[in-house]
Amino acid sequence: MGKQGTPVAAAVYCRISLDRSGEGLGVARQEELCRKRATELGWLVAEVYVDGSVSAYSGKPRPHFERMLADLEAGHRDGVVVVDTDRLTRRMSELETFVDLADRHGVALATVSGETDLSTTDGRFYARIMGVVARQESEKKAERVARESEQAARRGVPRGSRRPFGWEDDKTTIRPEEAVLIREAAQRVLAGETVPSVARDWNARGIPTAQNAKYGWSAATLAGVLRNPRLAGLRAYKGDIVAEGLWEPILDRGVWEMLAAKIRRVARVGQPSPHLLTSILRCGRCGGPLWTSWRPGTGDTRVARYACIKRPGGPGCGSLTVTARPVEDIIRDAVITAVTGPALADAVAARSGRDTEAAEAARELADAEARREEAADMFASGEIDRREWSTIRERTDKRINDATRSLNRQSGPLIGLPTNETELRQTWDTQTIEWQRALITAVTDTITIKPAQGAYNTFNPERIHITWRA
Ligand SMILES: [Zn+2]
């Protein structure tokens, strides 16, 4: 066809729009509109080119658009019909390519809204302007949305459409019964209980999530709630804390920082052992940890015991065992008596004044962990070599260990414990093994089981030697 001719082998180009501003027209509807427009103009359609969900801005390859350009270049197609110029391209560089191609080959362009003849100066100008306007509008909109959400964050305005657990629908007023649960979970996790264990307990107690799901507490869901800076009344934006929120906080900032640090730390360590004293007890022969093992009891039963186990490359002489039950009972009683006794009570009282110190340790821990991760990334991407990586790792690991030890000294199961022996005994019975283990390790330095003397049948309590933390 000539420049003034009517296309006899026009291309219809359709693209599913991902851009928010798009009309969301389906491909079938786009094709229908384009064919109708071609018929009105008296053009003959030779082929329909369809690209899937690719934004015309993204610059990602659009195979059928490319194929159409090749066909136009080769002279196989002499016109293009699209719903609007946005559909064709929203990138200036692509529009230039297209205009240039249309110029050289006399390609006609028609839009459903009205013809844009790229063979005329006016038509090209119009197409360019349309492209520029569409692009600017889309960019401006994206900028405005980002700016507005950042400004809202800096003013401490709550985000999201869903009700956060612990607050009412206004995301500002505390829902007391949920706030109590959050404080309870925080205390338990700081005391050494695992997040999955608390989540299981919440499901067992029938506590619904904020979205009212029963049995909806997974470890990840609960960890998400507890790690959220919102608990401490802090507003985060893109991972950084940018303001104090306009809502009432549920936890002190120091407590929340300890909690978040602890959850991050625990996420890296495996599941705790299921028995009360596994790896807490020490072997009186070699000093190695005692592990759970079993010996056959009467009939089909088996009896739990703790044993020193010989392992290649690990500590353990393999020649000491003790029956679990009497040891567990004695340790429990000793710990309860000690915690409610005057000496430890003083230590507990002294500890509660150390919130700031603990928060500092939590920050130091978070910082060291961040540095370690950063260095790991640098090593992975080849920015630093293995030697540099291991130097940094050694240094950060030492900082992480120091901060962890300090945190464990400052925080823990001693906060908010009953000081009355009967009450503490009741608390102990309702708590999980993780909590009990955490309490034991908080108040004792070592628990050593001495080798048995004489008969094995009766357990001699004097085999247990406890050193207490003051
Ligand atoms: Zn041993």
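The values are calculated or read from the model by the stated rules, or taken from the named source; none is laboratory data. Treat the numbers as computed from the prediction; the structure is a model and nothing was measured. Because the Cβ atoms are built from the backbone with ideal geometry, glycine has one as well, and the counts that use them run over all protein chains shown.
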Do you know which residues across the stretch 25-50 are small (Gly, Ala, Ser) and part of a helix (DSSP H, G or I)? Ala28, Ala38
With the checklist (1) more than 21 Å from Thr432 (Cβ to Cβ); (2) buried (at least 22 other Cβ atoms within 10 Å of the Cβ) in hand, flag the one item Met258 doesn't pass. (1)
Determine which single condition Val99 fails, assuming it passes every other condition in (1) at pLDDT below 75; (2) under 28 Å from Asp71 (Cβ atoms); (3) surrounded by 13 or more Cβ atoms within 10 Å (Cβ to Cβ). (1)
Residue set Gly160, Gly192; condition surrounded by 18 or more Cβ atoms within 10 Å (Cβ to Cβ), modelled with pLDDT under 80 and over 21 Å from Ser93 (Cβ atoms); output residue Gly192
Ile280: within 16 Å of the ligand (Cβ to nearest atom), within 30 Å of Met258 (Cβ to Cβ) and modelled with pLDDT of 80 or more, yes or no? yes
Kindly indicate whether Ala232 is free of Cβ contacts under 8 Å to residues at least 40 places away in the same chain and crowded, with 17+ Cβ neighbours inside 10 Å. yes
Considering only residues that are buried (at least 18 other Cβ atoms within 10 Å of the Cβ), within 11 Å of the ligand (Cβ to nearest atom) and not hydrophobic (A, V, I, L, M, F, W, C), which ones fall in the stretch 307-333? Gly316, Thr321
In this structure, is Pro272 surrounded by 18 or more Cβ atoms within 10 Å (Cβ to Cβ), at pLDDT 85 or above and away from the ligand (no atom under 16 Å from the Cβ)? no
If we keep just the residues of the stretch 102-113 that are in contact (Cβ under 8 Å) with a residue 12 or more places away in the chain and farther than 13 Å from Val82 by Cβ, which is surrounded by the most Cβ atoms within 10 Å (Cβ to Cβ)? Gly106
Output the qualifying pairs, or none if there are none: Cβ atoms under 6 angstrom, residues six or more apart or on different chains, first residue in the stretch 330-346 and under 15 Å from Ala438 (Cα atoms) and at pLDDT below 90, second residue basic (Lys, Arg) and surrounded by 13 or more Cβ atoms within 10 Å (Cβ to Cβ). Ile336/Arg425
Please return the ranges of helices (runs of 4 or more DSSP H) entirely within the stretch 163-271 where 1 or more residues are over 24 Å from Ala368 (Cβ atoms). 176-190, 195-204, 219-227
